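Comments concern the structure below.
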C-alpha cells in the first residue's frame with residue numbers, strides 16, 4: 001500500500017455533522033453545538049490492544065464491506081473487501097485490497113484502496129472499539145470520498161458466514177426504507193442528553209439495519225421482545241424490536257433503542273444513552 005494512503009488514515013478526522021444550520025439540518029443535531037467527537041474515546045471503556053483482531057462487517061453503508069484485521073506491532077494490517085469478507089469462497093481479487101491503519105487505546109483508523117471495479121476509491125473508517133470488543137462505532141468514508149451522514153457500526157462476523165447479516169422484522173415492515181424524523185416527547189430517566197426540541201432522525205433498512213443520528217445498529221443487533229414502556233404517559237406492555245445490548249461506546253451514541261407502535265399505529269421509540277438517561281421519541285412523520 002502506498003505511503004499517501006497511510007497518510008490519509010492517520011490524518012483523517014471524518015467529523016460527525018455539528019449543530020450548524022449552514023451544514024446540517026436541526027433534526028440530525030445533538031443537544032449542543034459540539035459534534036460527537038471520537039476523541040471522547042479516551043474517556044470511554046477500554047478494550048485490550050488486540051481485541052480488534054478478527055472478521056468484521058460494516059453496517060450503515062449500502063455495500064457489503066467486510067474486513068479481516070490483524071495487529072502487527074503498533075499498526076493495523078489485514079485485508080478489506082467491498083463485497084463480503086476476504087475469506088469468502090466467491091470473493092475476487094479486484095474486490096479486495098490490503099489494509100493499513102493505526103490504533104491508540106480503543107480508537108482505530110484504517111483504510112484500503114479499491115482499484116478494479118471501474119473506480120479508484122479509498123474506503124476508510126475512524127472508529128471506537130467497545131469494551132467487550134464486539135463492535136466498533138464511528139464514521140466511514142467510501143465511494144466518491146463522501147462520509148456517511150450518520151455514525152456506522154462494525155460487527156463481528158461469525159465463523160461460516162462471509163458477509164453482513166440481514167434480519168426480517170415483519171412488525172416494522174411498513175416503516176422500512178422510509179426516512180423519518182421523530183420529536184422528543186418524554187423523559188423516562190433524565191440524563192441531560194437532549195434539549196426539548198431535539199429530534200431522532202432515522203431510517204430502517206430492508207435488511208434490518210437501523211440508521212440514526214444516535215448511531216447505527218446491524219440486523220444481528222435486533223431482537224423481537226415485549227417490554228414495559230411509556231405510551232401516552234402510561235406504562236404499557238408493548239411488543240417491538242430492540243437494538244443494542246446496552247454497552248456504551250461514545251457518550252453521544254445510544255446504547256439501546258426499542259421500537260414499538262401505539263394504538264394509533266404511530267412509532268414509539270425508547271432511547272437509552274450512556275449517561276443513564278432514557279428518552280421517548282414518537283410520531284409518524286416522514287421526511
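Of (1) within 13 Å of residue 175 (Cβ to Cβ); (2) in contact with a strand residue (DSSP E or B) (Cβ under 6 Å, 6 or more places away or on another chain), residue 205 satisfies all except one. Which?
(2)
Filter the range 148-174 down to the residues that are over 18 Å from the mean Cα position of the chain (by Cα) and surrounded by 18 or more Cβ atoms within 10 Å (Cβ to Cβ), then identify the one that is farthest from residue 57 (Cα to Cα).
So the first thing to find is which residues in the range 148-174 are over 18 Å from the mean Cα position of the chain (by Cα), and the list is 158-162, 168-174.
From what's left, surrounded by 18 or more Cβ atoms within 10 Å (Cβ to Cβ): 162, 169, 172.
On the way: 162: 9, 169: 20, 172: 23 Å.
If we take residues in the range 148-174 being over 18 Å from the mean Cα position of the chain (by Cα) and surrounded by 18 or more Cβ atoms within 10 Å (Cβ to Cβ), then 172 is farthest from residue 57 (Cα to Cα).
With respect to residue 70, determine if the residue is modelled with pLDDT of 90 or more, within 26 Å of residue 244 (Cα to Cα), in a strand (DSSP E or B) and more than 20 Å from the chain's Cα centre (by Cα).
yes
Does any residue of the range 226-248 turn out to be touching a residue at least 40 places away in the same chain (Cβ under 8 Å), closer than 20 Å to residue 149 by Cβ, assigned to a strand (DSSP E or B) and in contact with a strand residue (DSSP E or B) (Cβ under 7 Å, 6 or more places away or on another chain)?
No, every residue in the range 226-248 fails to be touching a residue at least 40 places away in the same chain (Cβ under 8 Å), closer than 20 Å to residue 149 by Cβ, assigned to a strand (DSSP E or B) and in contact with a strand residue (DSSP E or B) (Cβ under 7 Å, 6 or more places away or on another chain).
In the range 195-212, which residues are surrounded by fewer than 22 Cβ atoms within 10 Å (Cβ to Cβ), touching a residue at least 24 places away in the same chain (Cβ under 8 Å) and part of a loop (DSSP other than H, G, I, E, B)?
Passing the criteria: 195, 197, 198, 205, 206, 207.
Please find, among 158, 170, the residue that is free of Cβ contacts under 8 Å to residues at least 40 places away in the same chain and under 24 Å from residue 129 (Cα atoms).
Details: 170 fails: under 24 Å from residue 129 (Cα atoms).
After ruling out the rest, the residue left standing is 158.
Applying the selection to the range 256-268, what residues are surrounded by fewer than 22 Cβ atoms within 10 Å (Cβ to Cβ) and under 30 Å from residue 106 (Cα atoms)?
Of the residues in the range 256-268, the ones surrounded by fewer than 22 Cβ atoms within 10 Å (Cβ to Cβ) are 256, 258, 261-267.
Correct list: 256, 258.
Take the range 223-250 and flag every residue that is touching a helix residue (DSSP H, G or I) at 6+ places or on another chain (Cβ under 9 Å), surrounded by 15 or more Cβ atoms within 10 Å (Cβ to Cβ) and farther than 17 Å from residue 283 by Cα.
Keep residues of the range 223-250 that are touching a helix residue (DSSP H, G or I) at 6+ places or on another chain (Cβ under 9 Å), which gives 224, 239-245, 249-250.
So of that shortlist, the ones also surrounded by 15 or more Cβ atoms within 10 Å (Cβ to Cβ) come out as 240-244, 249-250.
Within the range 223-250, 242, 243, 244, 249, 250 qualify.
Can you tell me which residue is modelled with the lowest pLDDT among those in the range 78-91 that are touching a strand residue (DSSP E or B) at 6+ places or on another chain (Cβ under 9 Å) and outside any strand (DSSP E or B)? Reasoning before the result, please.
First pass over the range 78-91, keeping only residues touching a strand residue (DSSP E or B) at 6+ places or on another chain (Cβ under 9 Å): 78-88, 90-91.
Now narrow it down to the ones that are outside any strand (DSSP E or B): 82-83, 85-88, 90-91.
Numbers: 82: 89, 83: 87, 85: 95, 86: 94, 87: 94, 88: 92, 90: 84, 91: 80.
Ranking the candidates gives 91 first.
The values are calculated or read from the model by the stated rules, or taken from the named source; none is laboratory data. Note that the coordinates shown come from a computational prediction; the quantities given were computed from them, not determined experimentally. Cβ sites come from the backbone with ideal geometry, for glycine too, and all protein chains shown count toward neighbours.
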